[in-house]
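The values are calculated or read from the model by the stated rules, or taken from the named source; none is laboratory data. These figures come from a predicted structure and were not determined experimentally. Positions of Cβ are backbone-derived with ideal geometry, glycine not excepted, and every protein chain shown enters the neighbour counts. For the accessible areas, the whole protein counts, side chains as well, though only heavy atoms, and no ligand, DNA or RNA atoms are used. Shrake-Rupley method; radii C 1.70, N 1.55, O 1.52, S 1.80 Å.
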Amino acid sequence: MDAVAAPGTLFARLRDAARPSWEAYVAHPFVRGLTDGSLPELAFRRYLTQDYLFLIHFARAYGLAVVKHATLADMRGAAATLDALLNHEMRLHVQFCADWGITEAAMEAEAEAEETMAYTRYVLERGLAGDVLDLEVALAPCVIGYAEISARMTADPALRREGNRYDAWRAMYAGEEFQGIAAEAIARLDRLGAARGAEARFPLLARTFDEACRLEARFWQMGLDAR
């Protein structure tokens, strides 16, 4: 089931081209554990701490996108996502972590996991070595992926809301505000693709998207492997 993006969009085509890696990411056992509440608490705590560090680097990537975009409208779109990351998602993340007894200072002091470094540096490398379309394709599995994951979770008969401490995570990403950010990211990919020759570049873009999906799955696994 694809919960986000109409067929024919550049994002949908990238998702289809990377289907095995995409499904390994969005249907990862970590996600299933969030859905039914069975995820070990230690795994979620590890994820939360590393995700804070992850978001810092993703904010840098969107700052790079502002620099690389050619039109004012797309600069504003990337800047809006940067603002949402710095002033909304990270604030919610800190508040959410506080409910789990994890302070912002503790997260800042945590060493980056190899999986966190691999993924965030890959995205930044694609943005530095390529153009803004390469960068946005590398970012897409995170931003749009969380929107699809949360939508799938909401529709999943296995979803347990009552007594599931992880359901607040689902609700945050399934909410109208984040879903709107993902929808704009899908539309921006189409605009960029049309302007920057996505059709001729599709094999390379698909490879970038596939790699980002595989790195996302490794990020979930990093949490699941916490001891």
From the list A65, A78, which one is modelled with pLDDT of 90 or more, in contact with a helix residue (DSSP H, G or I) (Cβ under 8 Å, 6 or more places away or on another chain) and buried (at least 19 other Cβ atoms within 10 Å of the Cβ)?
A65
List every residue pair whose Cβ atoms sit under 8 Å apart, with the two residues 6 or more apart in sequence or on different chains, where the first one lies in the stretch 17-36 and is basic (K, R) and the second, anywhere, is in a helix (DSSP H, G or I).
none
Mind checking which pairs have a first residue in the stretch 117-138 that is farther than 14 Å from A206 by Cβ and a second that is assigned to a helix (DSSP H, G or I) and not hydrophobic (A, V, I, L, M, F, W, C), Cβ under 6 Å, 6 or more apart or different chains?
T120/H57; V132/K68; L135/R126; L135/G127
Do any residues in the stretch 154-183 that are in contact (Cβ under 8 Å) with a residue 40 or more places away in the chain and closer than 18 Å to Q95 by Cα have Cβ atoms under 6 Å from those of residues that are surrounded by 14 or more Cβ atoms within 10 Å (Cβ to Cβ) and polar (S, T, N, Q), where the two are at least six apart or on different chains, and which pairs are they?
R170/S150
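Determine which member of the set R214, R126 is open to solvent by 70 Å² or more (accessible area, probe 1.4 Å), part of a helix (DSSP H, G or I) and at pLDDT 95 or above.
Details: R126 fails: open to solvent by 70 Å² or more (accessible area, probe 1.4 Å).
Criteria check complete, one pass: R214.
From the list D83, D36, D99, D2, exactly one residue is open to solvent by 50 Å² or more (accessible area, probe 1.4 Å) and touching a Leu at 6+ places or on another chain (Cβ under 8 Å). Which is it?
Numbers: D83 fails: touching a Leu at 6+ places or on another chain (Cβ under 8 Å); D99 fails: touching a Leu at 6+ places or on another chain (Cβ under 8 Å); D2 fails: touching a Leu at 6+ places or on another chain (Cβ under 8 Å).
Within the list D83, D36, D99, D2, the selection yields D36.
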State whether the residues of the stretch 197-204 include one that is of a type outside the set (G, A, S), open to solvent by less than 30 Å² (accessible area, probe 1.4 Å), out of contact with any Asp or Glu (no Cβ under 9 Å at 6 or more places or on another chain) and in a helix (DSSP H, G or I).
no
Scanning the stretch 5-33 for residues that are under 17 Å from the mean Cα position of the chain (by Cα) and under 21 Å from E176 (Cα atoms), the one surrounded by the fewest Cβ atoms within 10 Å (Cβ to Cβ) turns out to be A12
I'm checking my understanding of the structure. Among residues of the stretch 129-184 that are in contact with a Gly (Cβ under 8 Å, 6 or more places away or on another chain) and within 14 Å of A65 (Cβ to Cβ), which one is most open to solvent (accessible area, probe 1.4 Å)?
E184
Of all residues in the stretch 102-123 being at pLDDT below 95 and charged (D, E, K, R), which is most open to solvent (accessible area, probe 1.4 Å)?
E108
From the list F54, F30, pick out the single residue that is in contact with a Phe, Trp or Tyr (Cβ under 6 Å, 6 or more places away or on another chain) and either assigned to a helix (DSSP H, G or I) or not acidic (D, E) (or both).
F30
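Being assigned to a helix (DSSP H, G or I) and in contact (Cβ under 8 Å) with a residue 12 or more places away in the chain is the filter here, so list the residues in the stretch 104-113 that pass it. Outline the logic, then answer.
Step one: of the stretch 104-113, the residues assigned to a helix (DSSP H, G or I) are 104-109.
Hits for the stretch 104-113 are E104, A106, M107, E108.
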